1. At a temperature of 4 °C and a viscosity of 1.567 mPa s, determine how fast the range 198-351 diffuses translationally according to Stokes-Einstein, using the Kirkwood radius over alpha-carbon pairs as Rh; express D in µm²/s, rounded to the nearest whole number.
2. Give the distance, in whole Å, between the Cα centre of the range 45-82 and the Cα centre of the range 213-288.
3. Any idea what the dipole of the range 239-351 comes to, in debye rounded to 20, about its Cα centre with Lys/Arg Cβ at +1 and Asp/Glu Cβ at -1?
4. Take the alpha carbon atoms of the range 224-274, find their radius of gyration, then divide it by 2.2 N^0.38 Å using N residues; give the quotient.
5. D for the range 272-334, whole µm²/s, Stokes-Einstein with Kirkwood Rh over alpha-carbon pairs at 25 °C and 0.890 mPa s: what number?
Amino acid sequence: MQHTTDTLVSPLDLRLAAQARRDHLLDGRRYPEGTAGALMTSEYSSLDSGLSASQAIDMLRREAADAETIYQSYVLDAQRNLLGTVSLRELILAAPDQPIDRIMVRKVICVCTATCQEDVARLMREHDLLAVPVLDEQGRLVGIVTYDDALDVVVDEATEDFHKGASITNHVGNLKDATIGLLYRKRVLWLVLLVFGNLFSGAGIAAFEETIAAHIALVFFLPLLVDSGGNAGAQSATLMVRGLATGEVVMRDWLRMLTRECGVALALGGTMAVAVASLGVLRGGPEIAVIVASSMLVIVLVGSLIGMSLPFLLSRFRLDPATASGPLVTSIADAAGVLVYFGIASQVLDI
């Protein structure tokens with residue numbers, strides 16, 4: 001009979017818990033979009049530090065039916081300060097009279113309401129968390145972010161990065177239901193800007209008209225070379241954008257990444273130079289082969305370094321590095337490739 005009395009929870013405790021949840025729900029409306037405060041839910045399971053394991057289970061049974069998850073409960077004091085966390089598994093396996101403050105984990109990974117939602121999702125992924133508690137400025141628990149909400153953030157961010165990588169300004173929503181006008185507006189801005197950017201490639205070609213007229217065979221290799229530089233740059237940019245997005249790479253890693261990228265690009269460029277040298281011999285003789293092979297090596301190196309450095313540069317100016325992949329890198333690498341190719345040709349052919 002004594003055990004039955006111990007497991008009862010007073011009506012006052014229930015009213016306070018219900019009031020706290022209503023307060024949390026109201027608080028959540030004030031937090032900016034994209035923060036943990038806006039992403040969190042106020043429906044979490046909380047326990048008083050003075051309960052035993054059996055009392056805690058009984059309390060969860062009574063009032064946690066509407067909680068987002070009961071696999072993890074949060075131990076609070078009277079001011080809703082977070083004291084620790086305890087899992088449902090630990091409560092079930094503990095002795096009925098064991099105090100929960102002896103089995104709870106006191107070092108809790110948590111975030112504040114102003115934390116960026118991408119950082120919340122990254123934290124949950126790194127530590128394999130089902131939920132992460134959210135604290136206000138006073139250190140009180142106001143909600144939790146669950147793994148399914150964090151997964152939605154990851155999906156949305158990945159979709160946004162894919163669109164920016166293709167130079168699409170914003171998320172188009174459901175692609176199947178998108179109108180022609182919407183798709184036009186999302187794609188036209190960057191395409192028009194890149195048209196003017198590609199004028200630099202045309203200007204480079206115009207600057208070497210005499211070289212081209214003297215050796216028309218050079219034109220045959222132009223698309224092959226500039227496309228190779230753009231492709232190498234796009235690959236490098238994609239790797240760097242992803243590394244910056246996941247936190248694997250940070251700004252202070254730029255010099256080390258630059259050194260490594262030089263080695264990789266030289267190896268890639270050397271391999272591709274050998275592959276095209278024979279075509280140069282067939283189309284224009286040994287001199288053209290030297291021009292094409294050396295241009296391939298330099299163009300792939302330059303394109304790779306542009307693709308690697310541009311995401312870091314955008315991050316340095318607090319812009320989204322995802323913009324650096326795809327068409328933007330390709331356009332810059334193309335212009336650089338034209339100048340490198342015909343510059344080397346002019347020197348070798350002495351024109």
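Values in this text are rule-based calculations from the coordinates and carry no lab data. Every value quoted in this text rests on a predicted model; they were computed, and no experiment measured them. Please note: Cβ atoms are built from the backbone with ideal geometry, for glycine as well, and neighbour counts cover all protein chains shown.
1. The Stokes-Einstein estimate is 82 µm²/s.
2. Cα centres, the range 45-82 to the range 213-288: 59 Å.
3. Computed charge dipole of the range 239-351: roughly 320 debye.
4. Working: Rg = 12.3 Å, N = 51, 2.2 N^0.38 = 9.8 Å.
Here the Cα radius of gyration is 1.26 times the empirical estimate.
5. The estimated diffusion coefficient comes to 187 µm²/s.
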